[in-house]
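Structure first, commentary second.
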């Protein structure tokens, strides 16, 4: 009888365990769950840099992973619980297909992943200095302008893949409007590497991420600009001038109040035989600065022959352009439909000038294979004759010469 009771107890326990396992299985079955935005971590980039190389681009920085496991286990996970690693230490110059190593939480297995490897484009590491330029965020009153008194540091080291570093025009320091006062104020500004259009250049690194900007909000004032120009009527040409008659400046209120006019350095245009511009260099009193849009102001000069002068136009094809200093092993292809040379001088002299007296050339010294915009040079073999070119530069494609 004892044995039967013990057997019944054991049997009941077994049945209870089986029932528990059944209930658990029904309530928490194996299931699948997909994680769409698993971040890929790229390791040992410093080892790559130490070998003189740097990453230019990745084909992907995230992947999708489907895991299998108990439902309650998967429900507690998110994308960050899955570790996806790509080791850069053995990457070489060019395109590298590197394996993604996945590590998943205990009790789970990988059912599917949409990527097995990442293509990593590697270039030579380039390190260069770039100036820091301050950008003041927000709108200011028309009679005030934020001004940078000092930067610490003024430059920063940019390093990374060669083609990316070369895109960096300068490093921008953004300063919020709330940080600029009518008294001198120092603030910390984040640094952003940008191209010539002000767009951020990603995947390059900076030697530091911030700079100290000392700034002030100065009042603004427009004052008369006195400009002295000589040589407008010299030689065989007459020159028509167009220059601003005021300049807008800024500075401390006390110094600005005393500033009633500003003179500029004398400009001699007697040698100008072609229309163009000349930079005006204002002589600024102590403490006075030009506002941002007046930092570069120009005298516009339109040059035309005098009454006894004339013009003559000659047209040339690109085949007439002589290529000088072309590197060995390269050939040059010039992309220019026609080149117009406008000659000016005394009418009696121009009558005798013909195409044989005009030589066109481009200097290619130091240029490697690729496409380059190269200034066009013109020489006229007749004294007293000036020449203007249209276009002033041409596109030259340098390719490796075919041998054999």
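Here, each number is a calculation from the coordinates, and none is a lab measurement. Please read all numbers here as calculations on a predicted model, not as lab measurements. Don't worry about glycine lacking a Cβ; one is built from the backbone with ideal geometry, like all the others, and counts go over all protein chains shown.
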The chain: angle of helix 2-27 to the longest principal axis, Cα-based, in degrees nearest 10: 20 degrees
Mean Cα-pair separation over length for segment 124-218, i.e. relative contact order, pairs under 8 Å, 6 or more apart, %: 38 percent
Inter-label distance for residue 95 and residue 254, nm, one decimal - labels placed 7 Å from Cα along Cα-to-Cβ: 6.7 nm
Segment 209-248, relative contact order in percent, only Cα pairs under 8 angstrom and at least six apart counted: 48 percent
Cα-Cα P(r), segment 124-218, percent of pairs per 5 Å interval: 3, 14, 25, 20, 16, 11, 7, 3, 1, 0
Computed log₁₀ I(q)/I(0) - Debye formula, equal Cα scatterers, no solvent, segment 157-204, q 0.17, 0.23, 0.30 Å⁻¹: -0.57, -0.78, -1.08
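For segment 67-122, what percent of Cα pairs sit more than 16 Å apart? All intermediate terms of the calculation are to be shown ahead of the outcome.
Numbers: 768 of 1540 pairs.
For segment 67-122, the share of Cα pairs beyond 16 Å comes to 50 percent.
How would 321, 15 line up from fewest to most surrounding beta-carbon atoms within 10 angstrom?
15, 321
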GNM result for the chain, Cα springs below 10 Å: residue of 299, 164, 115 fluctuating most strongly: 115
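With Rg and the Kirkwood Rh both taken from Cα atoms, where does Rg over Rh land for segment 249-404? Intermediate values should be presented prior to the final figure.
Details: Rg = 22.6 Å, Rh = 19.5 Å.
Using Cα coordinates only, the ratio equals 1.16.
Averaging sequence separations of C-alpha pairs under 8 Å and six or more residues apart, then dividing by the length of the chain, give the relative contact order as a whole percent.
Working: 851 pairs, mean separation 37.8, N = 404.
Worked out over the chain, it gives 9 percent.
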Kirkwood hydrodynamic radius of segment 92-250, from inverse mean 1/r over distinct Cα pairs, in Å: 20.7 Å
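When the expected Rg is taken as 2.2 N^0.38 Å, what fraction or multiple of it is the alpha-carbon Rg of segment 30-115?
Working: Rg = 15.2 Å, N = 86, 2.2 N^0.38 = 12.0 Å.
The reported ratio for this selection is 1.27.
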Sequence of 88, 11 once ranked by neighbouring C-beta atoms within 10 Å, starting from the fewest: 11, 88
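When a footprinting reagent is the concern and you count Cβ atoms within 10 Å, what order do 337, 167 take, fewest first?
Details: 337 7, 167 18.
With the fewest neighbours first, 337, 167 line up as 337, 167.
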Modelled FRET efficiency - R0 51 Å, residue 117 with residue 141, Cβ distances, 0.05 increments: 0.35
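Over 20 Å apart: what share of the alpha carbon pairs of segment 309-400 falls there, rounded to a whole percent?
Numbers: 1619 of 4186 pairs.
Here the tail beyond 20 Å accounts for 39 percent of pairs.
Would you please give the FRET efficiency between residue 163 and residue 337, computed as 1/(1 + (r/R0)^6) with r the Cβ-Cβ distance and R0 = 22 Å, to the nearest 0.05? Please list the in-between numbers first.
Details: r = 31 Å, r/R0 = 1.40.
Plugging the Cβ-Cβ distance into 1/(1 + (r/R0)^6) gives 0.10.
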Fraction of beta bridges assigned by DSSP in the chain that are antiparallel (%, nearest 5): 85 percent
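Multiply the residue separation of residue 195 and residue 183 by 0.36 nm, subtract the distance between their alpha-carbon atoms, and state the gained length in nm to one decimal. Each step should come with its number before you reach the end.
Values: separation 12, 0.36 × 12 = 4.32 nm, distance 3.21 nm.
Length gained, residue 195 through residue 183: 1.1 nm.
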Cα gyration tensor, segment 54-180 - rounded (a/c under 1.5), prolate or oblate: oblate
Reciprocal of mean inverse Cα separation for segment 303-353 (Kirkwood radius, Å): 13.6 Å
Spin-label model distance (nm) - residue 78 vs residue 210, 7 Å beyond Cα toward Cβ: 2.7 nm
Between segment 231-296 and segment 191-208, the alpha-carbon center distance in angstrom: 34 Å
Nitroxide proxy distance, nm - points 7 Å out along Cα→Cβ at residue 176 and residue 361: 6.0 nm
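In the calculated pair distance distribution of the chain, what percentage of Cα-Cα distances lie above 37 Å?
Working: 47862 of 81406 pairs.
Every Cα pair in the chain considered, those over 37 Å come to 59 percent.
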Reciprocal of mean inverse Cα separation for segment 227-305 (Kirkwood radius, Å): 13.8 Å
